[in-house]
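The values are calculated or read from the model by the stated rules, or taken from the named source; none is laboratory data. Since we're looking at a predicted model, the values are computed, not measured. FYI the Cβ positions are ideal-geometry reconstructions off the backbone, even for glycines, and counts take in every protein chain you see. Just the protein is used for accessible areas: all its heavy atoms, side chains included, with ligands, DNA and RNA removed. Shrake-Rupley method; radii C 1.70, N 1.55, O 1.52, S 1.80 Å.
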Amino acid sequence: MNRRGIADLAGSVGLGAWAAFSVLTLVVIGRAGAPLWLDDSFLTWSVGHRPEAVVALARAVTATGTGLVPYVLAALAGAVAGRTTRSRQLATAVCLACLGLGQLLRYGAMELVHRPRPPQADWRAHASGWAFPSGHTTTAALAAGLLAVALTLRAPRGGTALRIAVCGWGLSVGLTRGYLGVHWFTDVLGGWLFAAGWLGTCLCVAAHLLPAPFLTEPTDPAHAPTEDHASEDPGRRGRSRPA
């Protein structure tokens with residue numbers, strides 16, 4: 001896919017995700033943070049299905065959605081995206097900036113919405129701050145998305161299993177937040193939509209501003225090096241130049 005195609009696709013995905021996130025946010029605000037749709041049902045189910053082994057696993061997974069792990073994955077995405085030392089450094093800086101700025105925007109959204117969390121009696125993990133959108137969910141989805149995009153750009157016809165594993169981890173972190181009772185399901189959904197919108201925005205901007213080699217395959221004829229050698233006439237070999 002060429003640069004313009006990547007920009008158009010990323011922009012379309014980002015715009016659609018932002019639109020859905022905006023609608024969900026307005027509904028949450030309009031209901032004063034009260035549970036929506038599947039929120040009560042998902043929480044009730046999770047409270048009734050919490051064997052200790054599964055809770056321990058969920059806590060381990062949810063812990064990877066914050067702190068150092070997402071930033072390591074974002075840096076890894078930059079290392080995968082670049083081809084030279086300099087380009088890897090630039091790509092790493094871009095990925096870390098995308099994740100860091102996304103965090104700031106998400107904090108702003110949480111403060112704007114001021115949605116309370118589910119009842120603390122149903123929590124099976126530590127939590128703080130407002131509920132919408134889920135911070136762990138957003139952070140993990142952004143990190144997973146960055147790495148999945150980097151793998152797709154560098155190995156568009158391979159690495160499917162690795163991309164599925166990365167995206168599965170990002171989704172699992174969000175699901176554990178609801179399972180452990182510290183977020184409503186729509187908080188998690190909001191985190192996924194926020195991450196998709198911000199990732200689409202960042203990729204669209206990068207497609208316009210970054211050098212072409214970041215977003216094209218090495219074999220792309222539009223960016224392949226050209227050689228301008230004078231053609232040789234086999235018939236002239238061995239002939240002496242006229243005096």
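Scan the stretch 106-120 and report the pairs whose first residue is under 20 Å from residue 45 (Cα atoms) and whose second residue is assigned to a helix (DSSP H, G or I) and not acidic (Asp, Glu), with Cβ atoms within less than 6 Å and a gap of 6+ or a chain change.
Once the first residue is under 20 Å from residue 45 (Cα atoms) and sits in the stretch 106-120, its partners that are assigned to a helix (DSSP H, G or I) and not acidic (Asp, Glu) give 118/43.
Residue-by-condition table, conditions (1) within 21 Å of residue 178 (Cβ to Cβ); (2) of a type in the set (Gly, Ala, Ser):
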site	(1), (2)
18	no, no
30	no, yes
47	yes, no
59	yes, no
65	yes, yes
72	no, no
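Of everything in the stretch 18-46, what is assigned to a loop (DSSP other than H, G, I, E, B) and free of Cβ contacts under 8 Å to residues at least 40 places away in the same chain? Give them in sequence order. Break it down into steps so the answer makes sense when it comes.
Quick first cut of the stretch 18-46, residues assigned to a loop (DSSP other than H, G, I, E, B) only: 31-38.
Listed by number, the residues that qualify are 31, 32, 34.
Please work out which one of (1) over 21 Å from residue 21 (Cβ atoms); (2) in contact with a Leu (Cβ under 7 Å, 6 or more places away or on another chain); (3) open to solvent by less than 40 Å² (accessible area, probe 1.4 Å); (4) not small (Gly, Ala, Ser) is the condition residue 180 fails and give its number.
Residue 180 satisfies every listed condition except (2).
Has the stretch 52-75 got any residue that is of a type in the set (S, T, N, Q), touching a residue at least 40 places away in the same chain (Cβ under 8 Å) and touching a Lys or Arg at 6+ places or on another chain (Cβ under 7 Å)? Break it down stepwise before answering.
Our first condition is that a residue be of a type in the set (S, T, N, Q); within the stretch 52-75, this holds for 62, 64, 66.
Now narrow it down to the ones that are touching a residue at least 40 places away in the same chain (Cβ under 8 Å): 62, 64, 66.
Then drop every residue that is not touching a Lys or Arg at 6+ places or on another chain (Cβ under 7 Å), which leaves 62.
Within the stretch 52-75, one or more residues are of a type in the set (S, T, N, Q), touching a residue at least 40 places away in the same chain (Cβ under 8 Å) and touching a Lys or Arg at 6+ places or on another chain (Cβ under 7 Å).
Going through the stretch 127-176 one residue at a time, which ones are in a loop (DSSP other than H, G, I, E, B) and either open to solvent by less than 10 Å² (accessible area, probe 1.4 Å) or without any contact (Cβ under 8 Å) to a residue 40 or more places away in the chain (or both)? Give the steps one after another, and end with the answer.
Initially, the stretch 127-176 is screened for residues in a loop (DSSP other than H, G, I, E, B), giving 127-134, 155-159.
Matches in the stretch 127-176: 128, 129, 130, 131, 132, 133, 134, 155, 157, 158, 159.
Quick one: which residue in 61, 28, 47, 55 is of a type outside the set (Gly, Ala, Ser) and open to solvent by 60 Å² or more (accessible area, probe 1.4 Å)? I'd like the intermediate steps shown before the answer.
Working: 61 fails: open to solvent by 60 Å² or more (accessible area, probe 1.4 Å); 28 fails: open to solvent by 60 Å² or more (accessible area, probe 1.4 Å); 55 fails: open to solvent by 60 Å² or more (accessible area, probe 1.4 Å).
None of the other options fit; the residue is 47.
Report, by residue number, each residue of the stretch 80-100 that is touching a residue at least 40 places away in the same chain (Cβ under 8 Å) and surrounded by fewer than 16 Cβ atoms within 10 Å (Cβ to Cβ).
Initially, the stretch 80-100 is screened for residues touching a residue at least 40 places away in the same chain (Cβ under 8 Å), giving 80-83, 87, 90-91, 94-95, 98-99.
Correct list: 83 only.
Go through (1) at pLDDT 95 or above; (2) open to solvent by 70 Å² or more (accessible area, probe 1.4 Å) and name the single condition residue 40 misses.
Result: residue 40 fails condition (1) only.
Determine which single condition residue 49 fails, assuming it passes every other condition in (1) in a helix (DSSP H, G or I); (2) over 21 Å from residue 132 (Cβ atoms).
Exception for residue 49: condition (1).
Which of the following residues is more than 14 Å from residue 61 (Cβ to Cβ), modelled with pLDDT under 95, hydroxyl-bearing (Ser, Thr, Tyr) and out of contact with any Cys (no Cβ under 8 Å at 6 or more places or on another chain): 186, 216? Quick ask: steps written out before the conclusion?
Values: 186 fails: modelled with pLDDT under 95.
Being more than 14 Å from residue 61 (Cβ to Cβ), modelled with pLDDT under 95, hydroxyl-bearing (Ser, Thr, Tyr) and out of contact with any Cys (no Cβ under 8 Å at 6 or more places or on another chain) holds for just one of 186, 216, which is 216.
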